[in-house]
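Beneath this line is the structure, given in structure tokens, with notes to follow.
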Amino acid sequence: MAEKNLEVMTYCGLCCLDCHGYTGKIADLARDLRKELRKAQYEKIAAAIADAPFGKPFANYEECYELLGAMVKFRCKKGCRNGGGPPFCQIRKCCQGKAIAGCWECGDAEACKKPDFLKPVHGDAHKKNIQVIQKKGITGFMAGKRN
């Protein structure tokens, strides 16, 4: 298994390269949008439009701007295997405790409930990825379509 590929693999079967926190794309776009909003003094425009019958959503401009600021900070350059990702991750702790590369090497993966916290965002992508990794290996998985 290529060390470079394993470096960006999460223990649960997701891939850091597919994460907006790791790539920084969303954070960069949010930063750039905030910059343009400041340059245009958009808070004034939003305040003026908010009073119009069609402009009610503009009353939430400050919350939107604050959310963009949070998005700017949503970055993870370490990756799962180097201390990035959720600090509470039981999957990482489990795999490290079993001295395995990931859930794909665990006989209990199919019935395990530890990945359930991933479902709201990732659905069953990690399960599908684990099946591909078990069939094709990490290198084959990385070369193909990831869920």
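The values are calculated or read from the model by the stated rules, or taken from the named source; none is laboratory data. As the structure is a computational prediction, the values presented were derived from the model and not from experiment. Reconstructed Cβ throughout: ideal geometry from the backbone, glycine too, with neighbour counts over all protein chains shown. Heavy atoms of the whole protein, side chains included, go into the accessibility calculation; ligands, DNA and RNA do not. Shrake-Rupley method; radii C 1.70, N 1.55, O 1.52, S 1.80 Å.
Within the chain, what's the longest stretch lacking chymotrypsin sites (Phe, Trp or Tyr not before Pro) that sit in DSSP loops with no more than 15 other Cβ atoms inside 10 Å? Kindly include the intermediate steps, with their values, before the conclusion.
On the way: sites that count: PHE54, PHE74, PHE88.
Within the chain, the longest run free of exposed chymotrypsin sites (Phe, Trp or Tyr not before Pro) spans 89-147.
If you take the alpha carbon radius of gyration of the chain and divide it by 2.2 N^0.38 Å, what ratio comes out, to two decimals? Working shown, then result.
On the way: Rg = 20.2 Å, N = 147, 2.2 N^0.38 = 14.7 Å.
The chain yields a ratio of 1.38.
Could you provide, to the nearest whole Å², the per residue accessible area of the chain with probe 1.4 Å? Don't skip to the answer; put the middle values down first.
Working: 9480 Å² over 147 residues.
In whole numbers, the chain has 65 Å² accessible per residue.
Take the solvent-accessible surface of the protein heavy atoms, probe 1.4 Å, and return the percent of it on the chain that carbon and sulfur atoms account for.
Working: 5560 of 9480 Å².
Percent of accessible area from carbon and sulfur atoms in the chain: 59.
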